[in-house]
1. What number goes with the only condition from (1) modelled with pLDDT under 90; (2) in contact with a helix residue (DSSP H, G or I) (Cβ under 6 Å, 6 or more places away or on another chain); (3) crowded, with 21+ Cβ neighbours inside 10 Å; (4) of a type in the set (G, A, S) that A239 does not pass?
2. Select from segment 167-179 the residues that are part of a loop (DSSP other than H, G, I, E, B) and closer than 18 Å to G98 by Cα and write down the one among them that is least open to solvent (accessible area, probe 1.4 Å).
3. Before we move on, is T92 farther than 30 Å from L161 by Cα and among the hydroxyl-bearing types (S, T, Y)?
4. In segment 292-328, which residues are of a type in the set (D, E, K, R), part of a helix (DSSP H, G or I) and within 18 Å of L195 (Cα to Cα)?
5. Residues of segment 143-160 being within 17 Å of C24 (Cβ to Cβ) and of a type outside the set (K, R), which ones?
6. Residues of segment 296-312 being touching a residue at least 24 places away in the same chain (Cβ under 8 Å) and open to solvent by 40 Å² or more (accessible area, probe 1.4 Å), which ones?
7. Filter segment 124-140 down to residues that are assigned to a helix (DSSP H, G or I) and open to solvent by 10 Å² or more (accessible area, probe 1.4 Å), then give me how many there are.
8. What are the residues in segment 266-281 that are under 23 Å from the mean Cα position of the chain (by Cα), farther than 16 Å from T11 by Cα and either open to solvent by 30 Å² or more (accessible area, probe 1.4 Å) or among the β-branched types (V, I, T) (or both), if any?
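The values are calculated or read from the model by the stated rules, or taken from the named source; none is laboratory data. The model shown is predicted, which means the values in this text are computed figures rather than measured ones. Heads up, the Cβs are rebuilt from the backbone with ideal geometry, glycines too, and the neighbour counts pull from every protein chain shown. Note: areas computed on protein heavy atoms with side chains; ligands, DNA, RNA excluded. Shrake-Rupley method; radii C 1.70, N 1.55, O 1.52, S 1.80 Å.
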Amino acid sequence: MEEINYNGYFTLQWHITHRCNLRCTHCYQDDYSAFEDRGSMKIILDQYTELLKEYNFKGYLNVTGGEPLTHPDLFWLLGEARSRGMTTAVLTNGTLIGRREAKRLKACGVDYVQVSLDGTKKGHDRIRGEGSFDLAVNGLRELAAQGIFTTVSFTAQRENLGELKKLAKLCGGIGADKLWYDRVVIPAGEDDGRLSLTADDFAKLSRQASRLNKKGMVSCARALQFIPCDKKSIYRCTAGERLLAVLADGTVMACRRLPVKCGSVRDSSLLRIYRSDPEILKLRSAPVPKACEGCEYSRLCGGGAKCVTFAKTGRYDLPDPDCPYLRK
């Protein structure tokens, strides 16, 4: 069985602000006010640097929000992180990126920018707001003009299931380097709009993504999680292991989409939390679910996306309920 290789990276997904200019239908935020000042940002960056040095990890900093482009110190943070040898990325809705912002991102040495597109114009605007599609596409074009590597992120939900193929063609036309999708994550009891995919929905969409991948139109590791493919493409959840999230109010989580709080950088350091928080230790030591033990992919995927499993079952130590191999 292949050994898992993380290439030495430890990812911090940092929500530097909860402020956002959009109100998407699937948004998991219930607060849009929390905001880090530069002094607090430096303290947290120092804590992250300390953690990396302690374990000899390479830093992979994903800066997001809310909408990170609403934060006046975004570019300072990216430059400071790069000066410390970290790989940097920005996760954005793309609507606030014009030529000036794209040039500033280039000057900061950002390694890539991920822009959310949830379909073509009609479908995207229905989910994220009128006019947001054109602004996001313009942002992608400006990023491409600066030679910045761009990823388009597609949040798959029931109302945009038919959009992936159209979006793949669009991405090729606007110079996006990569398209991938993830499943919307809404707790079963709160999914009043019934946006979450069923297992059949996910299987169907994954097969479509696989066909698009073979044509060179889409490259999406999570989409290839549960279908026969090159094993290097299989996604594995690293929440609590090689991934932590910090929210703009200081809350630490193993993953933003896994609603388990693991302390706060206001009360402790990232290193101490990573070393000793009970939930993080539990995640890090969790075995592959028993139902997955006979599967040839189990060591590589680890049982699937813990955030989806938690949303649908209330536990994260069970197999991903969308996995088609469980139904065979």
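1. (1)
2. The extreme case among them is A176.
3. Considered against the rule, which asks whether it is farther than 30 Å from L161 by Cα and among the hydroxyl-bearing types (S, T, Y), T92 comes out as no.
4. Answer for segment 292-328, where residues must be of a type in the set (D, E, K, R), part of a helix (DSSP H, G or I) and within 18 Å of L195 (Cα to Cα): just K312.
5. The answer is V152, S153, F154, T155, A156, Q157, E159, N160.
6. R299, F310, K312
7. 8
8. Residues satisfying the conditions are E279, L281.
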